[in-house]
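The values are calculated or read from the model by the stated rules, or taken from the named source; none is laboratory data. All values derive from a computational prediction rather than experimental measurement. Here the Cβ positions follow ideal geometry from the backbone for every residue, glycine too, while neighbour counts run over all protein chains shown. What goes into the accessible areas is simple: the full protein's heavy atoms, side chains included, and nothing from ligands, DNA or RNA. Shrake-Rupley method; radii C 1.70, N 1.55, O 1.52, S 1.80 Å.
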Amino acid sequence: MGLRTILELKKILGFDLTKAKEYISDPSKAPEEVKVEQGPRGGYYYETGVGDTDTGRPDMSEFKQKLSNMDDTTLKSQIGIIEDEYPKVRDGFKNWYSNNSMGVLDGQLSILFGMSKESSRAGQIELDSKTAEGYMKVYSVTQEYLKRIEPDGTIIMHRGLGSMSYTKFKHLEPGEDINIEQYNVSSWTNDYDMALEFASLSESGGVVIETFISTKRVFVHPDCSPAISDRFGEGEIMLMGSNIEATMGETVPPKYSEEEEEEEEEEDDDDESWKDDDDDW
């Protein structure tokens, strides 16, 4: 049975694709309006429903109506127009794609979509109403486009992870289920070979993972992405939500012996080791 078939079966069997689990160390840190639950391993979490309607966000009804009347070519050009109208949105994308400074965009989208601060890259960060409107327009463009190409409301995407994930998941077979904890906004791709290329960057081994997930959790799709992303040609999908239920793909073996690999892992260890190699995808 192929990986795509396995993922399709999950969808048919009612796999919940619309919810995102936000894990927290202290139940008191969860938003007041959510229900905190405890997982089988003792961890606390609450479901966010990323992409669901939130009356605290800017009203996009008129803008969505305009988008629905556009042809595909015009629709794909809209994010570039939005960047010109909202400079802070453009700066957020520039930092994400070009400067590899992902905290601003991650932090602002965390505020806008009510995602946990514990799984955000950013510390104290602000989001003004104009910038929030710009980001919601970007999201609306993405959602209109995905509604056309993925009418069933789900999308398959891939991610290449490095040495820490290799150590964690190397014993698993392709097609086995895994749970990935990452930052609130992460980079995936619609190109399996690109994910495999990223997984191969680590000399200490890597893995490719796949997920079949709700389109509501996609903030940017490569077919209608900011102009600055075009130069990289990586088919990047910007995904929201810190907890991802995924499926194992290929494993890329290390280039070193096991002893050399352990030495390199000790040198590379840092305070963010609980994240699943977030900068590799």
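Quick look at the values:
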{"item": "Number of positions in the range 75-114 that are among the small types (Gly, Ala, Ser) and at positive phi", "result": "1"}
{"item": "Residues being among the hydrophobic types (A, V, I, L, M, F, W, C) and under 15 Å from residue 162 (Cα atoms) - total across the range 183-240", "result": "10"}
{"item": "Those residues of the range 22-73 which are at pLDDT below 70, under 13 Å from residue 114 (Cβ atoms) and surrounded by 10 or more Cβ atoms within 10 Å (Cβ to Cβ), in sequence order", "result": "22, 30, 31, 34, 46, 47, 48, 49, 50, 51, 52, 54"}
{"item": "Unmet criterion (only one of (1) assigned to a helix (DSSP H, G or I); (2) within 15 Å of residue 134 (Cβ to Cβ)) for residue 58", "result": "(1)"}
{"item": "Candidates 164, 136, 157, filtered to the one that is among the aliphatic types (A, V, I, L, M), within 19 Å of the chain's Cα centre (by Cα) and open to solvent by 20 Å² or more (accessible area, probe 1.4 Å)", "result": "164"}
{"item": "Of residues in the range 79-126 being open to solvent by less than 50 Å² (accessible area, probe 1.4 Å) and among the hydroxyl-bearing types (Ser, Thr, Tyr), the one nearest to residue 27 (Cα to Cα)", "result": "116"}
{"item": "Which listed residue, of 209, 178, is open to solvent by 10 Å² or more (accessible area, probe 1.4 Å), assigned to a strand (DSSP E or B) and under 28 Å from residue 254 (Cβ atoms)", "result": "178"}
{"item": "Output for the range 144-153, where each listed residue is touching a strand residue (DSSP E or B) at 6+ places or on another chain (Cβ under 8 Å) and either open to solvent by 10 Å² or more (accessible area, probe 1.4 Å) or without any contact (Cβ under 8 Å) to a residue 60 or more places away in the chain (or both)", "result": "153"}
{"item": "Scan of the range 184-196 for residues that are in a loop (DSSP other than H, G, I, E, B), open to solvent by 30 Å² or more (accessible area, probe 1.4 Å) and not acidic (Asp, Glu), ordered by number", "result": "190"}
